[in-house]
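Structure first, then comments.
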Amino acid sequence: FLGRAIVDEAIRRGYDVTTFTRGLSGEPRPGAEALHGDRTRSEDLSKLAERDFDFVIDTSAIAPRHVAASARLLAPRAGHYTYVSTISVYADYPREPVDEDSRVLDCPADADGTIESLGYGELKAGSERAVAEAFPRRHLIARPGLIVGPHENIGRLPWWLTRIARGGTVVAPGDPDRPIRLTDARDLAAWLIDNSRRRIPGIVNVPGSNDARFGDLLTTCAEMTRADRRTGLDLRWVRDQVLLDAGVEPWTELPMWAPDTPELAGVWTVSGGRAIRTGFRYRPLTDTVHDTWAWLRLEAAAQGTELSDLSVGRSGDIGLDPAKEEQILAGLG
């Protein structure tokens, strides 16, 4: 969904945009030239050798050797290459605070494999190296944190919105005053285009705004869904240890929940000053939540389903099972 936001923003600005995708995750965006191909196949990748580009933005999560092949082919044909990586490349993250100079995971630029076999952070770290080797001093490595917004295909913010829209007693994790850092995909897209056009080099973390708390997120979800909620709502804040003892998986079963444990002590303490200095602007949390809920309502109407039954993102991987939630609440007394 970040790629979609990038393409839409570039078209809005009047750029001539070419996309290169397999064509499996939706229709081409209106106004873009759509090339279809699999980057892991050299005969498909060769389609990009027929033209020149001012700049390239790569949002892929494929093996470093395939990123390397793309970057090498484009090196004489593009002025600048931006690779969207992740803060998960840091070897000490999320245990410790990190900045752009922190130690990165070890993965060679020609590594083959998948996220499952290499690890997500390792795959991205190797791909960063592949881009740096092909585009020395002509590349930007962006390391975002948690990306949300309309069309989110992971399902974290959509799960909270649809769960809160169903009403009743909702398990709210940990401390409402705990920080949470989110980046709207549309803000990231605008910044990526700005700095690709400017051809700035280097590495920049984009960890999200420092202004939000988990309580802000859930109360904003409650406000945005109030008109569609048919029952009352009670956000029941439950201590981290109670949830951990109940076997709740951080980050996935209760999306974006990072309990107060040593393993996650640095999850929200990633340096983001360089992004601000290079022009990043985070929109208010209320705007992101509002627009995501508006999109979900349109999705439900298009699918002919109730909002409470709407499923987006990685079905089965994100969200707390209702029976498990009831069990936790019953144990609270």
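Quick note: the coordinates plus some simple rules give every number you see, no bench work behind them. Quick caveat, the model's predicted, so the values are computed rather than measured. Don't worry about glycine lacking a Cβ; one is built from the backbone with ideal geometry, like all the others, and counts go over all protein chains shown.
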Amide H neighbours of Phe53 at under 5 Å, excluding residues fewer than 5 places away on the same chain, with H built from the backbone geometry, are Ala78, Gly79
Per residue, the convex hull enclosing the alpha carbons of the stretch 1-153 has a volume in Å³ of 126 Å³
proj_area_mean for the stretch 271-310 (convex hull on C-alpha atoms), units nm², value 4.2 nm²
Membrane-span-like helices (DSSP H runs, Cα span along own axis at least 24 Å, mean Kyte-Doolittle at least -0.5) in the chain -> 285-303
If unit charges are put on Cβ atoms (+1 for Lys and Arg, -1 for Asp and Glu) and the dipole of the stretch 268-333 is taken about its Cα centre, the option from Leu285, Leu307, Ile318 lying farthest towards the positive end turns out to be Leu285
Measuring from its Cα centre, the stretch 111-196 shows a charge dipole (+1 at each Lys and Arg Cβ, -1 at each Asp and Glu Cβ) which, in debye to the nearest 20, is 160 debye
Taking every other residue with Cβ under 10 Å from the Cβ of Val204 and scoring Lys and Arg +1, Asp and Glu -1, one gets +2
The rounded separation in angstrom of the Cα centers of the stretch 260-333 and the stretch 36-104 is 27 Å
For the stretch 244-295, shape from the Cα gyration tensor axes a ≥ b ≥ c, cut at a/c of 1.5 then a/b versus b/c, turns out oblate
Most packed first (mean Cβ within 10 Å per residue), the peptides 199-207, 271-279 order as 199-207, 271-279
Asserting the computed 222 nm helical MRE of the chain (DSSP H runs at least 4 long, -39500 (n - 2.57) per run, divided by residue count, to nearest 500) equals -11000 deg cm²/dmol
Listed by chain and number, the residues whose amide H is under 5 Å from that of Ile203, excluding neighbours fewer than 5 places away on the same chain and using placed H, are Ile141
Applied in sequence order to the stretch 232-243, the curve 6.51 cos²θ - 1.76 cosθ + 1.60 (Karplus, θ = phi - 60°) yields integer Hz couplings, x standing for Gly and Pro, of x, 9, 9, 7, 9, 7, 10, 4, 3, 5, 4, 5
Percent of all alpha-carbon pairs of the chain at distances over 25 Å, whole number, is 54 percent
Magnitude of the Cβ-charge dipole (Lys and Arg +1, Asp and Glu -1) of the stretch 17-132 about the Cα centre, nearest 20 debye, reported as 320 debye
Net charge near Arg229 (other residues with Cβ under 14 Å of its Cβ; Lys, Arg +1; Asp, Glu -1) is +1
Amide H contacts under 5 Å for Ala172, restricted to residues at least 5 apart in sequence or on another chain and with H modeled in the peptide plane, are Arg236, Trp237, Val238
With x for Gly and Pro, the residue-by-residue ³J(HN,Hα) of the stretch 108-118, computed from phi through the Karplus equation 6.51 cos²θ - 1.76 cosθ + 1.60 at θ = phi - 60° and given in whole Hz, is x, 5, 10, 5, 10, x, 10, 4, 5, 8, 8
Two pseudo-spin positions, 7 Å from Cα along C-beta at Leu35 and at Lys47, lie apart in nanometres by 0.8 nm
Short to long, in 5 Å steps from zero, the percent of alpha-carbon pairs of the stretch 184-276 per bin is 2, 9, 15, 17, 16, 15, 11, 8, 4, 2, 0
